[in-house]
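For reference, the structure discussed in these notes is given below.
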Amino acid sequence: MIYFDHAATTPLAPEVLEEMLPYMQDFYGNASSIHAMGRRSRTAIERARKIIAGHLNASIGEIFFTSCGTESSNMALTAAIRDLGVKHIISSPIEHHCVFHTIDALAKYGDVQKHTVQLLPNGHVDLAHLEELLLSLQIGPTLVSLMHVNNEIGNILDLPTVSALCEQYGAFLHSDTVQTWGFQRIDVQKTKVNFLTGSAHKFHGPKGIGFIYVNSDYPVQPMLFGGSQERNMRAGTENVYGIVGMAKAFDLAYTHLDENRNHILGLKNKMMAALRQEIPAISFNGDVEGSSSYKILNVAFPPSSNADLLLLNLDIAGICASGGSACSSGVDKGSHVLQALQGKDSTTVNVRFSFSRYNTEKEVDKVVDKLKEILKV
């Protein structure tokens with residue numbers, strides 16, 4: 001099996017599993033209990049919070065643990081309206097569904113007005129249009145919600161510039177940074193934001209655990225009510241071993257960041273060069289050689305009878321890739337991201353390949369050879 005779908009999820013790093021196991025088997029105390037076993041779990045949670053806050057250059061009081069990136073983004077968007085008085089949300093047509101659909105639902109119920117920023121031909125947000133929208137919406141509190149790294153085409157938002165625009169026009173800022181953590185850094189002391197989100201399984205941590213950064217200058221109220229967990233911000237018994245695993249995955253990723261980046265970028269560049277040489281009719285979606293994530297390569301294959309079942313044939317050959325977001329699997333509507341870039345009438349066959357530190361150059365060679373065979377190049 002060759003796994004080139006790391007933007008969907010990543011394998012658990014062995015070191016992360018090793019860190020988690022004691023809290024799954026031996027140290028199983030409820031972190032809300034005051035006895036020794038409970039205190040041990042509480043200590044592990046707060047140690048993890050300190051590690052993650054350190055990587056963001058945030059205060060530990062600004063990090064809250066959730067179940068995933070989707071929960072975190074829902075919390076940010078809902079809290080912005082309820083607690084910060086937001087009346088308008090500016091977003092893009094290529095956001096992850098957890099943001100895209102949440103904003104649509106909030107607008108449908110009349111909680112907020114949605115405004116869509118235009119895209120440039122390469123898939124980047126048109127920052128000039130964003131400024132126009134911000135200037136025109138100074139009639140009420142506004143939230144800008146734009147993802148930092150697009151999960152399908154890999155484009156990287158100029159977050160410092162967006163942050164500066166929001167500060168200039170008095171807007172709040174939320175960024176879906178699920179695809180960022182473990183691969184790029186964000187310093188919240190240098191780049192001012194209100195909300196950032198993360199999910200451990202995108203950088204070799206466990207599934208079922210995420211976090212949200214909430215700028216303490218603009219505190220919000222909880223979305224889940226009940227117990228006093230997460231300093232009264234999120235009720236429910238904490239996923240201790242998940243939290244421990246996420247912190248370990250953070251440390252591993254940033255300790256070896258440069259080494260991993262060079263390796264993964266080498267794989268992406270090798271595949272791009274090989275595809276251009278062996279399948280000249282292909283193209284790439286997004287700003288692939290500009291401001292783009294080094295782990296994501298979205299390839300547009302020209303329409304043909306052989307390309308129609310490309311993903312299926314790759315799967316049969318033991319190669320895991322994707323046609324778009326994993327959250328859309330089983331729903332044959334096409335990628336809303338690629339429709340926004342290419343138009344709804346595009347006939348290209350698009351495949352997202354996404355890499356990790358565990359992939360090899362030999363795997364790239366095998367995938368390119370298999371693509372040539374399937375497409376009968």
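The values are calculated or read from the model by the stated rules, or taken from the named source; none is laboratory data. Quick caveat, the model's predicted, so the values are computed rather than measured. Cβ coordinates were reconstructed from backbone atoms using ideal geometry, including for glycine residues, and neighbour counts include every protein chain displayed.
Is at least one residue of the stretch 318-332 surrounded by fewer than 22 Cβ atoms within 10 Å (Cβ to Cβ), of a type in the set (Val, Ile, Thr) and without any contact (Cβ under 8 Å) to a residue 24 or more places away in the chain?
yes
Might you let me know whether the stretch 66-77 holds any residue that is more than 18 Å from residue 147 (Cα to Cα), in contact with a Phe, Trp or Tyr (Cβ under 8 Å, 6 or more places away or on another chain) and surrounded by fewer than 23 Cβ atoms within 10 Å (Cβ to Cβ)?
Of the stretch 66-77, the ones more than 18 Å from residue 147 (Cα to Cα) are 66-67.
Next, from what is left, pick out any that are in contact with a Phe, Trp or Tyr (Cβ under 8 Å, 6 or more places away or on another chain): 66.
Retained after the next criterion (residues that are surrounded by fewer than 23 Cβ atoms within 10 Å (Cβ to Cβ)): none.
Within the stretch 66-77, none of the residues are more than 18 Å from residue 147 (Cα to Cα), in contact with a Phe, Trp or Tyr (Cβ under 8 Å, 6 or more places away or on another chain) and surrounded by fewer than 23 Cβ atoms within 10 Å (Cβ to Cβ).
Identify the residue in the stretch 157-181 that is over 14 Å from the mean Cα position of the chain (by Cα) and of a type in the set (Gly, Ala, Ser) and, among all such residues, is farthest from residue 124 (Cα to Cα).
170
Looking only at residues that are more than 18 Å from residue 79 (Cα to Cα) and charged (D, E, K, R) in the stretch 196-233, which one is surrounded by the fewest Cβ atoms within 10 Å (Cβ to Cβ)?
The selected residue is 207.
Scan the stretch 341-356 and tell me whether some residue there is in contact with a helix residue (DSSP H, G or I) (Cβ under 7 Å, 6 or more places away or on another chain), of a type in the set (Lys, Arg) and either free of Cβ contacts under 8 Å to residues at least 24 places away in the same chain or surrounded by 15 or more Cβ atoms within 10 Å (Cβ to Cβ) (or both).
Within the stretch 341-356 (the criterion being in contact with a helix residue (DSSP H, G or I) (Cβ under 7 Å, 6 or more places away or on another chain), of a type in the set (Lys, Arg) and either free of Cβ contacts under 8 Å to residues at least 24 places away in the same chain or surrounded by 15 or more Cβ atoms within 10 Å (Cβ to Cβ) (or both)), the answer is no, since none of the residues qualifies.
Scan the stretch 46-100 for residues that are closer than 19 Å to residue 173 by Cβ and part of a loop (DSSP other than H, G, I, E, B) and jot them down.
Across the stretch 46-100, the qualifying residues are 57, 58, 59, 85, 86, 87, 92, 93, 94, 95, 96.
On the given criteria, is residue 71 touching a Gly at 6+ places or on another chain (Cβ under 8 Å), closer than 28 Å to residue 251 by Cβ and either charged (D, E, K, R) or outside the structural domain of residue 205 (by TED's automatic domain parsing) (or both)?
Criteria met by residue 71.
Sort out which residues of the stretch 7-41 are surrounded by fewer than 18 Cβ atoms within 10 Å (Cβ to Cβ) and not in a loop (DSSP other than H, G, I, E, B), and write them in order of number.
14, 15, 17, 18, 21, 22, 24, 25, 36, 37, 38, 39, listed by residue number.
Can we say residue 307 is surrounded by 14 or more Cβ atoms within 10 Å (Cβ to Cβ) and at pLDDT below 95?
The answer is yes for residue 307.
Having 3 or more residues that are at pLDDT 95 or above is the bar; report the helices (runs of 4 or more DSSP H) wholly within the stretch 157-260 that clear it.
Numbers: elements: 159-169, 229-232, 240-255.
Qualifying helices (runs of 4 or more DSSP H): 159-169, 240-255.
List every residue pair whose Cβ atoms lie under 8 Å apart, where the two residues are 6 or more positions apart in sequence or sit on different chains, the first residue falls within the stretch 34-58 and is more than 21 Å from residue 197 (Cβ to Cβ), and the second residue, located anywhere, is modelled with pLDDT of 95 or more and assigned to a helix (DSSP H, G or I).
Pairs found: 41/23; 41/240; 44/23; 44/240; 44/243; 44/244; 47/247.
What is the residue count in the stretch 51-65 for residues that are surrounded by fewer than 14 Cβ atoms within 10 Å (Cβ to Cβ) and either out of contact with any helix residue (DSSP H, G or I) (no Cβ under 8 Å at 6 or more places or on another chain) or among the basic types (Lys, Arg) (or both)?
1
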